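The numbers here are math on the coordinates, done by the rules we state, and not lab data. Keep in mind that what you see is a predicted model, and the values were worked out from it rather than measured. We place every Cβ from the backbone using ideal geometry, glycine too, and count neighbours over all the protein chains shown.
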Amino acid sequence: MSDVSQVPPAIQRMDMVLNAIAFVCRILTGVALVVLTVIFGWLVFGRYVLNATPTWVEQAALLLVMLIAFLGAAVGVHDNTHLSVSMLRGAVPPRVRAVFVIVTDLAMAGFGGLMLWYGTQLTIFKWGSLIPLLQLPEGLRSLPLTIGGALILLFSIGHLIRLYLGVDARTDSIE
């Protein structure tokens, strides 16, 4: 269903909120990627020009890569660009495809829920120790996992709600 006037207002509001969250994630991952590039430039300059390697760059880069990976994965779920079996779904009849889409969304919601649960446990467990050279809580390393899991769960539930109401407009979805 592509006509916006046929989408219930509550779903339109839900979509606006989910789109805004995905937009913020895109901005954060974009900024993190720029910062990652800049600090690696500083690393190379420090090592080869100043002959003094800034050792904190590696630890900061690990944090940024976690942020980019998990927020980026969540946006992929929102945009339906995550790794899924779209070729297989495209090769089967529409009724079977409908089942595959539901199973994929349920699996993604379950995976996001597990990431949220275990990421929270890991973040709490590691919060008391510090990351060497940065002196920041070690739990920051797993915080992107936790947030990414929560967002994957949230975006997957949004897809399932739209499927249930028959207003799913994803191109790889039910026709």
Taking Asp79, Asp105, Asp168 and counting other C-beta atoms within 10 Å, the order from fewest to most
Asp79, Asp168, Asp105
For log10 I(q)/I(0) by the Debye sum over Cα atoms at q = 0.09, 0.10, 0.12, 0.17 Å⁻¹, one of (i) -0.42, -0.50, -0.67, -1.05; (ii) -0.36, -0.45, -0.63, -1.13; (iii) -0.32, -0.39, -0.56, -1.12 was computed from the structure I shared and the rest are decoys. Which label?
(i)
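Just want the ordering: Thr81, Thr104, from fewest to most Cβ atoms lying within 10 Å of their own Cβ.
Starting with the residue having the fewest Cβ neighbours, the order is Thr81, Thr104.
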Can you list residues from other chains, or at least 5 along the same chain, whose modelled amide H is less than 5 Å from the amide H of Val7?
none
For the chain, what does -39500 (n - 2.57) per DSSP helix run (n ≥ 4), summed and divided by total residues, give at 222 nm, in deg cm²/dmol to the nearest 500?
-25000 deg cm²/dmol
Collect residues whose amide H, placed 1.01 Å from N in the peptide plane, falls under 5 Å from the amide H of Leu130; neighbours closer than 5 in sequence don't count.
Glu138
